[in-house]
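Participant: Right, I'll just put the structure down here and ask away after.
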Amino acid sequence: MIISYKWLLEYLPEPVSIRVLTDILTSIGLEVEATETVEAIKGGLEGLVIGEVLTCERHSNADKLRVTTVNIGRDKVLHIVCGASNVAAGQKVIVAIVGTTVHPLKGEPFQIKKAKIRGEESEGMICAEDEIGLGESHDGIIVLPADAVVGTTAKEYYKIPEADVAIHIGLTPNRSDAMSHIGVARDVCAYLTHHNEKPYVAIPPRINLPVKGSKHIDIQVAIEAPTACLRYTGISIANVKIGTSPEWLQQRLTAIGLRSINNVVDITNYVLHEYGQPLHAFDADKIKGGKVQVRFLPEGTKFVTLDGKEVKLQADDLMICDQEEGMCIAGVFGGVDSGVTDATTNVFLESAYFEPKHIRRTSMHHGLRTDAATHFEKGVDMNNVLPALQHAATLITEIAGGTIASEVIDVYPKQIEQRKVTISYKYIQTLSGKAYAPAAIKDILTALGFIITEESVEALTIIVPTNKTDVSLPADIVEEILRIDGLDNIQIPGRLHIALTKPMPTDKEARERLAELLCGMGGQEIVTNSIVNSKYYPGRNDLVHMLNSLTSELDVMRPSMLESGLEVIAYNCNRKSQDLSLFEFGRTYTQEAQGKYIEIPQLAIWITGNMQPANWNNKAQKADVFYLKGILQNLLHYCGIRKTSIIYEDSVMSWKWKNQLLCTVTQVSAARLKEFDVKQDVFFAAINWQIWQQAAAQTKVKYTEVPKFPAVQRDLAVVLDTNVSYAQVETVTEQLKLEALQSFDLFDIFESEKLGAGKRSYALSYTFQLQDRTLTDTETEQLMQQLINAYKTKLQAQIRE
C-alpha cells in the first residue's frame, strides 16, 4: 500500500516530519518498506532561471550554432552557445546554469558543465521543452512572454508544487482499518496521544453536501441478496460536466501511483484511498427502469466488463442490475455499458457494504484483482459507507459542477451489531509481558475509537469500533495496545521460562542433515512455487487444477519438481550465473481419479554448468550424469541406506529399495530445455522423500572403533562381455559377503581390439581390513581368489595378468 505524505498531513492536527512519521508507522506495525520522492516534473526545475537574450550572433566556426549573451539577473552576463534555430536577441528564455542537473523527458539526467564548443566558451544551456520535462516539443527553445521577470526561478514561474513523498507500507492482510489515509492518520494520532500525553485527533474530511437542486432523478434501490449485501447507499447528481481533474486531485492520485482518468472517476478513487471505502459511479441515464437491484444472476450468464472482456458468471457472483440486465459485478468490476463516459451528464453514485467472502470468491474466480475488491474482501467499515458517499457527492458538485438530484438512499435492512470484548488487566500483562497502568490502557483504546462500557478493578468491557474488522478476541485487544505503545517497546525479559515438552515427530531434523550435506557438496537450497503453468504439461490428464487461479500462468499444482527448477536455472543463466547446483525439499501433486489426490514429498536436485572451475593446475570439470550419481551415492551412504538396486533404462538411472522407486537421475532432454530457453546441459534427480525416510529408518547406526591395524589394497583387471554392466559386477561382489572387504571401486574402463570383439576391461580396486589383526599376504590372496572365481563362474570373466 502507498500513502502520500502530503495527503496524510491533511488529517493530522500538527505536522510530523517524514523521518519521525516513518519511525512511528513501523513501530505501530505499519512497516515502511520504502519512501520515494514524487515530483510533478522530474527534478522540479531546480537550478533553472528566466533569462533575457541580449545578443545573438552566428558562430564563426559552425553555421547552425549561435553565440549568445544572456542576462539572468545576476552580476555576470552568461556567454552561451545555442543550436536552436529560433533563438534571437530580446527573447525571455529558460536557462540552465553551470552545475544544474537537467532531467530530459527521455534519456538520463545530465549535469550542465562549462564547455568549449567549436572554439567558443559556453556557460549554460538555453532550454527546449523536452530537455527539462515540460513537454515533448524539441522544435526550438522555449520563448516566454515579454513580461516574464528576469532572474525568477523556473520553479516559481511555472508554480511547480513541492515534491511529495510516497510511503510504501507492507500492510498485513488483517489491517483493513489501515487501508486508507484516514485509517493511518487515526493510528498515528493514537500513538502521538499516548507518547506525548496530550490529545491528538485525526481531522475528518469536510462534508458540505449541498441542498437538492431543481432537477430530480428518481432511482429506486432493492437489495434482493441481503446475506451478500448488508448495506447499500446511493445518490443522484445531475448536470455533471465530465472533464479533466484539477491539478491538486491529479497530484494526490499520482503520488500513490494512480493515473488520472476524469474528474468523476478520479473522485471515486480519491475517496477510496481517503476513507478505504470503494465507490462506483453509474451513468444514471443508462439505468433501465430507474431501479437498481442487488441480486444474483443465473449460472453461466454472460457479462461484458468495463475492459471489454466477456465472462460467464457463477451463481453466487453478486451483481448490481437494472430492470433488464447486470450493470456491474458488485464490489469487483464495472460493466462496459453502465459506467461514466465523456457523454455522461447525470450520475448515480453507489457506496455499499458487500460481504467479504462473496467478493473474494468472485474476484479470484474471474481473475479480477481490483482496488475495490482488495478492500471489500478484507472488510470495510460499515459506518464509513454513508460519509464516503456524501464526501464524494460534495466533491462532484464542487469539481464537476453537478447538482444534487435526489435524497440520499440508505438501504440498511439489519444493522450490524458491534462486537463486545471483556478483558482483564492480568491477561493484558500476561500476554504482553508489560505491566501497563490501567489509565494508559484506557487512553490507548479510547484514542483508537474503542468504547469502554464497563470497568472494574480487574477488567474492562469494550465495544469494538466497526473499522476494526479483525478485532474479536482479548488477544486482539492486547495487540492493539502493544502496537500503539510501539512494537519497539516490547520488553524482553532477562530470563525465559519455558516448559520442556517432547516434540512431535517430524522430518525436519532429517531434512536439515541432508541439506547441510548438500550445501557441503556445493549445493544451494531454493524454494519455488508449488503452483505452476499447465502449459508445461500438454496431454497430461492427472493435473490438479486451481479453482481460483491468481493468473493464467499459475493454474495447476506441479506434478513434477523439474520445471520449477528449470525456471530458476533459466533466470540465473540469463544473468550469467551458469554454474549451478540446486536442491529443494518440496511436494508434487497429481489426481488419480475425480476427487482422489496424490501428494508426494520429494527432494529434487539440479546441476548444470561447471562443478569444478578451471584453475592453474586443473581443467574445468563439467557437470554430468555421473557427477549427480555420485551425489546420490553420497546421500545414500550418509543415511545408511543399503540393499538398493540400480536399474539403467534408456537415459534414466533408478534406485529401488524393497521394489519401491527410491530415486531417479536423468539428463534433461534438449526439447525440454528449449521450452525454458536453457542452452546448457541440465541433470536432474528426484528422491521420493517418504520412501527414503523409511529406508533410512531400517539402518541402525553402530559405532566401531577406528581400526588399529593397517588396510591392504589390491587391484584387479577383469575382461567381460560388453553386455555385462558394472552393476552386475557390484552385485556379484556384494553377494560374497567378505568380512574383510571394506570397500571396492571402479577406477578405469578399457576397450581395445586386442581384448577381442565385444569385450571390455574393468580395473577394480579393493580395500581389505580387520579390526582385530593384520591380514597376512596368504589371507589377502585367498580373498582375491574368491573374487576371481566368482567373476569367472557368474560373469564368465577373464583375468588380465
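Participant: Quick check: the angle from helix 474-485's long axis to the longest principal axis of the chain, C-alpha only, nearest 10 degrees?
Facilitator: The two axes meet at around 70 degrees.
Participant: While we're looking at this one, here's another question. Within 10 Å, count the other beta carbons around each residue, average over each peptide in 710-721, 693-704, and list them highest first.
Facilitator: Values: 710-721: 15.4, 693-704: 11.1.
Ranking the peptides 710-721, 693-704 by packing returns 710-721, 693-704.
Participant: Could you tell me the extents of the range 270-311's C-alpha atoms along the three principal axes, largest first, rounded to whole Å?
Facilitator: Reported extents, whole Å, longest axis first: 36, 25, 20.
Participant: Per residue, how much accessible area does the range 674-768 show when a 1.4 Å probe rolls over the protein heavy atoms, in square angstrom? Each step should come with its number before you reach the end.
Facilitator: Values: 5940 Å² over 95 residues.
Heavy-atom SASA per residue in the range 674-768 reads 63 Å².
Participant: Using the Kirkwood formula over every pair of different C-alpha atoms, what hydrodynamic radius in Å results for the range 563-661?
Facilitator: Details: mean 1/r = 0.0613 Å⁻¹.
The answer is 16.3 Å.
Participant: Can you give me the solvent accessible area of Asp488 with a 1.4 Å probe, rounded to the nearest 10 Å²?
Facilitator: For Asp488, the solvent-accessible surface is approximately 120 Å².
Participant: Still on this model: Work out from phi, with θ = phi - 60° and the Karplus expression 6.51 cos²θ - 1.76 cosθ + 1.60, the ³J(HN,Hα) of each residue of the range 66-76, listed in order in whole Hz, and give x for Gly and Pro.
Facilitator: These are the phi-based 3J(HN,Hα) values: 10, 9, 10, 10, 10, 8, 10, x, 10, 4, 9 Hz.
Participant: A further question follows. How much accessible area per residue does the range 1-133 have, counting only protein heavy atoms and a probe of 1.4 Å, in square angstrom? Don't skip to the end; give the middle numbers.
Facilitator: Values: 6670 Å² over 133 residues.
Result: 50 Å² of accessible area for each residue.
Participant: Based on DSSP H runs of at least 4 residues, each adding -39500 (n - 2.57), what is the mean residue ellipticity at 222 nm of the chain after dividing by all its residues, to the nearest 500 deg cm²/dmol? Walk me through the intermediate numbers first.
Facilitator: On the way: 19 runs with 205 residues, N = 801.
Here the helix-only value at 222 nm equals -7500 deg cm²/dmol.
Participant: From Cα coordinates alone, what are the radius of gyration and Dmax values for the range 196-345 in angstrom?
Facilitator: In Å, with Rg to one decimal and Dmax whole: 17.6, 59.
Participant: Just report the Cα centroid separation between the range 418-490 and the range 167-188, whole Å.
Facilitator: Using only Cα atoms, the two centres lie 19 Å from each other.
Participant: Enter the mean projected area of the convex hull around the alpha-carbon atoms of the range 642-747, in nm², rounded to one decimal.
Facilitator: Details: hull surface 42.6 nm².
Over every viewing direction, the Cα hull of the range 642-747 projects on average to 10.7 nm².
Participant: Could you list the square roots of 5 times each eigenvalue of the Cα gyration tensor of the range 696-786, that is, the equivalent ellipsoid semi-axes, sorted largest first and rounded to whole Å? List each step's numbers first, then the result.
Facilitator: On the way: eigenvalues 175, 62, 21 Å².
Taking √(5λ) for each Cα gyration eigenvalue gives 30, 18, 10 Å.
Participant: Protein chains only, probe 1.4 Å: how do Ile607, Ile409, Ile416 rank by accessible area, largest first?
Facilitator: Details: Ile607 0, Ile409 35, Ile416 70 Å².
Reading off the accessible areas and sorting them downward yields Ile416, Ile409, Ile607.
Participant: How big is D, in µm² s⁻¹, for the range 427-491 by Stokes-Einstein at 25 °C and 0.890 mPa s if Rh is the Kirkwood radius over C-alpha pairs? Intermediate values should be presented prior to the final figure.
Facilitator: Working: Rh = 12.1 Å.
Rounded to a whole number, D works out at 203 µm²/s.
Participant: Taking the solvent-accessible surface of protein heavy atoms with a 1.4 Å probe, what is the per residue accessible area of the range 384-502 in Å²? Can you show the working numbers first?
Facilitator: Numbers: 6480 Å² over 119 residues.
Dividing the accessible area of the range 384-502 by its residue count gives 54 Å².
Participant: While we're here: For the range 77-146, what are the per-bin percents of Cα-Cα distances with bins 5 Å wide, up to the bin holding the maximum?
Facilitator: 3, 17, 25, 27, 20, 6, 1
Participant: Now, a different point. Report P(r) for the range 113-265: all Cα-Cα distances, bin width 10 Å, range 0 to the bin holding the largest distance, values in whole percent.
Facilitator: 7, 16, 25, 21, 17, 9, 4, 1, 0
Participant: Using the eigenvalues of the Cα gyration tensor, what equivalent ellipsoid semi-axes result for the range 332-392 when each is taken as the square root of five times the eigenvalue, whole Å, largest first? Present the calculation step by step, with values, prior to reporting the outcome.
Facilitator: Working: eigenvalues 97, 65, 11 Å².
Sorted largest first and rounded, they come to 22, 18, 7 Å.
Participant: I would also like to ask the following. What per residue convex hull volume, in Å³, do the alpha-carbon atoms of the range 1-59 yield?
Facilitator: Working: hull volume 9.6 nm³, N = 59.
Considering the Cα atoms of the range 1-59, their hull volume per residue is 162 Å³.
Participant: On to the next question. May I have the pair-distance distribution P(r) for the range 241-280, computed from all Cα-Cα distances with 10 Å bins from 0 and rounded to whole percent?
Facilitator: Spelled out per bin, shortest first, that is 34, 58, 8.
Participant: Suppose we take every Cα in the range 364-489 and form the convex hull; what volume per residue is that in Å³? Spell out each step's value before the answer.
Facilitator: Numbers: hull volume 24.3 nm³, N = 126.
Per-residue hull volume (Cα only) is 193 Å³.
Participant: Just the number, please: Stokes-Einstein D of the range 538-598 in µm²/s, Kirkwood Rh from C-alpha pairs, 25 °C, 0.890 mPa s. Intermediate values should be presented prior to the final figure.
Facilitator: Details: Rh = 13.5 Å.
So the translational diffusion coefficient is about 181 µm²/s.
Participant: I would also like to ask the following. Expressed in nm to one decimal, what extension gain is obtained for the pair Val457 and Lys754 from 0.36 nm per residue of sequence separation less their Cα-Cα distance? Write out the running numbers ahead of the final one.
Facilitator: Working: separation 297, 0.36 × 297 = 106.92 nm, distance 10.19 nm.
Here the segment from Val457 to Lys754 would lengthen by 96.7 nm.
Participant: Mind giving me the FRET efficiency for Asp139 and Cys519? R0 is 51 Å, r the Cβ-Cβ distance, nearest 0.05 is fine. Write out the running numbers ahead of the final one.
Facilitator: Working: r = 62 Å, r/R0 = 1.22.
Approximately 0.25, to the nearest 0.05.
Participant: Here's a follow-up. Kindly state, to the nearest 0.05, the FRET efficiency for Asn659 paired with Thr101, given R0 = 56 Å and r defined as their beta-carbon distance.
Facilitator: Working: r = 73 Å, r/R0 = 1.30.
E between Asn659 and Thr101, to the nearest 0.05, is 0.15.
Participant: Rounded to the nearest 0.05, what FRET efficiency do Asp147 and Tyr571 give with R0 = 51 Å and r taken as the Cβ-Cβ distance? Could you check? Mind dumping the intermediate values first?
Facilitator: Values: r = 58 Å, r/R0 = 1.15.
Using R0 = 51 Å, I get an efficiency of 0.30.
Participant: Counting other C-beta atoms within 10 Å, and keeping those with at most 14, which DSSP coil trypsin sites (Lys or Arg not before Pro) do you find in the range 281-350? Write down the numbers at each step before the final one.
Facilitator: On the way: sites: Lys286, Lys288, Lys291, Arg295, Lys302, Lys309, Lys312; in loops: Lys309.
For trypsin sites (Lys or Arg not before Pro) across the range 281-350 that sit outside H, G, I, E and B with at most 14 neighbouring Cβ atoms in 10 Å, the list reads Lys309.
Participant: Translational diffusion coefficient, Stokes-Einstein: compute it for the range 389-444 using the Kirkwood radius over C-alpha pairs as Rh, at 10 °C and 1.306 mPa s, and state it as an integer in µm² s⁻¹.
Facilitator: Details: Rh = 16.3 Å.
For the chosen part, D equals 97 µm²/s.
Participant: Another question about this same structure. Which entries in Lys702/Lys759; Lys42/Lys468; Lys6/Lys434; Lys312/Lys357; Lys241/Lys288 show an alpha-carbon gap greater than 31 Å? Display every interim value, and only then the final one.
Facilitator: Values: Lys702/Lys759 42 Å; Lys42/Lys468 39 Å; Lys6/Lys434 35 Å; Lys312/Lys357 19 Å; Lys241/Lys288 22 Å.
Violating the 31 Å Cα-Cα cut-off are Lys702/Lys759; Lys42/Lys468; Lys6/Lys434.
Participant: So what are the radius of gyration and Dmax for the Cα set of the chain, in Å?
Facilitator: Calculated on Cα positions, Rg and Dmax stand at 38.2, 121 Å.
Participant: Here is a follow-up. Tell me the carbon and sulfur percent of the accessible area for the chain, rounded to whole percent, probe radius 1.4 Å. Please list the in-between numbers first.
Facilitator: Details: 20910 of 42130 Å².
Whole-percent figure for carbon plus sulfur exposure: 50.
Participant: Something else: Asp677 accessible area, nearest 10 Å², 1.4 Å probe?
Facilitator: Spelled out: Asp677, probe radius 1.4 Å, area about 80 Å².
Participant: Also, I was wondering about something else. Would you mind checking the tilt of helix 181-196 against the longest principal axis of the Cα atoms of the chain, expressed as 0 to 90 degrees and rounded to 10?
Facilitator: 90 degrees
Participant: Under 8 Å for C-alpha pairs, at least 6 residues apart: give me the relative contact order for the range 667-801, rounded to a whole percent.
Facilitator: On the way: 148 pairs, mean separation 40.9, N = 135.
The normalised contact order for the range 667-801 reaches 30 percent.
Participant: If DNA, RNA and ligands are ignored and the probe is 1.4 Å, what is the ranking of Thr370, Thr100 by accessible area, most exposed first?
Facilitator: Details: Thr370 30, Thr100 10 Å².
Largest accessible area first, the residues go Thr370, Thr100.
Participant: So, one more: Based on the alpha-carbon gyration tensor of the range 214-282, what equivalent-ellipsoid semi-axes (square roots of 5 times the eigenvalues) come out, in whole Å, largest first? All intermediate terms of the calculation are to be shown ahead of the outcome.
Facilitator: Numbers: eigenvalues 141, 68, 12 Å².
Those come to 27, 18, 8 Å.
Participant: From the phi angles alone, apply the Karplus equation (6.51, -1.76, 1.60; θ = phi - 60°) to the range 340-351 and give each ³J(HN,Hα) in whole Hz, x where the residue is Gly or Pro.
Facilitator: Values, residue by residue: 6, 10, 4, 8, 5, 10, 10, 10, 10, 9, 10, 9 Hz.
Participant: In terms of solvent-accessible area of protein heavy atoms at a 1.4 angstrom probe, what is the ranking of Glu516, Glu567, highest value first?
Facilitator: Details: Glu516 130, Glu567 80 Å².
So, going from the largest accessible area down, we get Glu516, Glu567.
Participant: Using Cα atoms only, what is the angle between the long axis of helix 508-520 and the major principal axis of the chain, expressed in degrees (0 to 90) to the nearest 10?
Facilitator: 80 degrees
Participant: Could you run the Karplus curve 6.51 cos²θ - 1.76 cosθ + 1.60 with θ = phi - 60° over the range 649-664 and give me ³J(HN,Hα) per residue in whole Hz, x for Gly and Pro?
Facilitator: 9, 6, 9, 10, 9, 10, 9, 10, 10, 6, 6, 10, 6, 8, 7, 9
The values are calculated or read from the model by the stated rules, or taken from the named source; none is laboratory data. These numbers come from a predicted model, not from an experiment. Because the Cβ atoms are built from the backbone with ideal geometry, glycine has one as well, and the counts that use them run over all protein chains shown. Quick note on the areas: whole protein, heavy atoms, side chains included, nothing else; ligands and nucleic acids left out. Shrake-Rupley method; radii C 1.70, N 1.55, O 1.52, S 1.80 Å.
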